[in-house]
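Working notes for the structure below.
Just so you know, all these numbers are worked out from the coordinates, no wet-lab data involved. What you are looking at is a predicted structure, and each value in this text was computed from that prediction instead of being measured. Virtual Cβ from ideal backbone geometry, glycine too; neighbours counted across all protein chains shown.
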Amino acid sequence: MIRWGILGTARIAREQLVPAIQASRNGSLHAVASRNQESSDAFAKRFGMPLAFGSYEELLASPEVDAIYIPLPTSQHVEWTRRCLEAGKHVLCEKPISLHAREIDELIAARDKSGRVASEAFMVTYHPQWALVRSLIADGEIGTLRHIQGVFSYYNVDPNNMRNKVELGGGGLPDIGVYPTVTARFATGREPVRARASIVRDPDFGTDIYANCQYDFGSFDMTFYCSTQLALRQSMAFHGDKGLIEVTAPFNALNYDAVNVCLYNANRSEMKKWAFQAAHQYQLQIEAFGDKIAGEDVPLFSLEESRANQAAIDALYAADLSDGWVDVS
């Protein structure tokens, strides 16, 4: 059993990762750390955790913790991922692990030096619906892929929310634009070569609240938009010359809508549907991470994949400033 420590008491830890660790077959919820001892004590009591620390440093120093999950604000991800690795801990960091692709290079170096497992928490890549989409495309079920279309939006104008604070790494592309990007890359096994975007920023927050984006993958292209100030919506579609794949709840599986993958033929006269109502992507992520620590040969979202995904996001920001296509590097 992997003894997990939680670095912070953020909502995503409370609502998603803690239940996932508790439900996992190979993880034990063991410790929590907060900047405030009272907050840490309350968190530990609520979830039945034996250890509660009043500083992050104490958690990193504990010999009773094997792996650490980081749900801190985005602006702190690189620092604490590196520090966890330097302390000899395996680390699962919430996305995005960095706001700049080049910063992930130091994390790759720290991972290699430590010999520990490090991964960005893209839970979607562990959901079986995305393995299915990948196999359908690879098997030619939609013929030649021509276009991917995606959307991810929600409405949040709370000035105190970290997603609306530039200094904490807030904004639509870092928070949700990464999801259409990563699932397109995962499903196709391809990398975008060029990007362009038009981005709107909130006049008070300074964060990007709407981004209209396009990727050129060489043999096919992709368009998507994301927004933190539009009505809730999410969808992904993969359009080929012989068929179409639609994913109804691509990112927040079980929380957004029925989790279905639909395959249509060219004239939509036939449809196959696969339902995934029992798959819990956060739990699957925790279990895969634990299996990797145990030395099993399981797929795990790597820091190299993190760098490639962030390079695509970096290119979108650069393209908005250049008002044209920008190479993804």
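Quick one: which of 313-321, 190-198 comes out on top by average Cβ neighbours within 10 Å, and what's the full order, highest first?
So the peptides 313-321, 190-198, ranked by packing, come out 313-321, 190-198.
Under the rule a/c < 1.5 gives rounded, and otherwise a/b versus b/c splits prolate from oblate, where does the range 218-260 land using the Cα gyration tensor?
oblate
When the chain is modelled as a GNM with alpha-carbon springs shorter than 10 Å, which of Tyr56, Tyr215, Tyr225 fluctuates the most?
Tyr56
What does the net charge come to around Arg102 if you take all other residues with beta carbon closer than 11 Å to its beta carbon, with K and R at +1 and D and E at -1?
Every neighbour counted, the sum reads -3.
Going down the table (Lys95/Lys292; Lys45/Lys95; Lys242/Lys273), which pairs top 25 Å between alpha carbons?
Lys45/Lys95
Can you give me the Cα centroid spacing of the range 306-329 and the range 78-143 in angstrom?
19 Å
Classify the range 109-204 as rounded, prolate or oblate, taking a ≥ b ≥ c as the square roots of the eigenvalues of its Cα gyration tensor: rounded when a/c is under 1.5, otherwise prolate if a/b is larger than b/c and oblate if not.
oblate
Excluding same-chain residues fewer than 8 positions from Lys113, which aspartates and glutamates have a Cα within less than 19 Å of its Cα?
Filter leaves Asp66, Glu79, Glu86, Glu103, Asp105, Glu304, Glu305.
Quick check: residue separation of Glu79 and Ala231 times 0.36 nm, minus the Cα distance between them. What number comes out in nm?
Additional length available on full extension: 51.3 nm.
Compute the long axis of helix 303-322 from its Cα atoms, compare it with the longest principal axis of the Cα atoms of the chain, and write down the angle in degrees, 0 to 90, nearest 10.
Between the helix axis and the principal axis of the chain, the angle is about 60 degrees.
Using alpha carbon centroids, what distance separates the range 274-294 and the range 15-37, in Å?
Value for the Cα centre distance between the two parts: 15 Å.
Report the label-to-label distance for Ala131 and Ser302 in nanometres (one decimal), using points 7 Å from each Cα along the Cα→Cβ vector.
1.9 nm
Rounded, prolate or oblate: which fits the range 183-282, taking a ≥ b ≥ c as square roots of the Cα gyration tensor eigenvalues, rounded meaning a/c under 1.5, else prolate when a/b beats b/c?
oblate
For Lys165, which aspartates and glutamates qualify as cross-link partners when the Cα separation must be under 13 Å and same-chain residues fewer than eight apart are set aside?
Of all the aspartates and glutamates, those that pass the test against Lys165 - Cα under 13 Å, at least 8 places apart if same chain - are Asp175, Asp202, Asp204, Asp208.
Say R0 is 35 Å: what FRET efficiency, to the nearest 0.05, do Ala138 and Arg201 get from their beta-carbon distance?
For Ala138 and Arg201, the calculated efficiency is 0.35.
Once both axes come from the Cα atoms, what is the angle between helix 101-114 and the longest principal axis of the chain, in degrees from 0 to 90, rounded to 10?
The answer is roughly 50 degrees.
Which residues in the range 303-329 place their backbone N less than 15 Å from a point set 7 Å from the Cα of Val193 along the Cα-to-Cβ direction?
Only 325-329 pass the distance filter.
Using the Cα centre of the range 57-113 as origin and beta-carbon charges of +1 (Lys, Arg) and -1 (Asp, Glu), tell me which of Pro63, Pro73, Ile97 is placed farthest towards the positive end of the dipole.
Working it through, the farthest residue towards the positive pole turns out to be Ile97.
Lys and Arg at +1, Asp and Glu at -1: add these up for the other residues within a Cβ distance under 14 Å of Gln129 and post the number.
+1
Using DSSP, restrict attention to beta bridges with both residues in the chain and report what percent are antiparallel, rounded to the nearest 5.
Roughly 60 percent of the DSSP beta bridges within the chain come out antiparallel.
Take peptides 62-68, 268-274, 30-36 and line them up by average Cβ neighbours within 10 Å, highest first, as a rough protection proxy.
In decreasing order of mean packing, 62-68, 268-274, 30-36 become 30-36, 62-68, 268-274.
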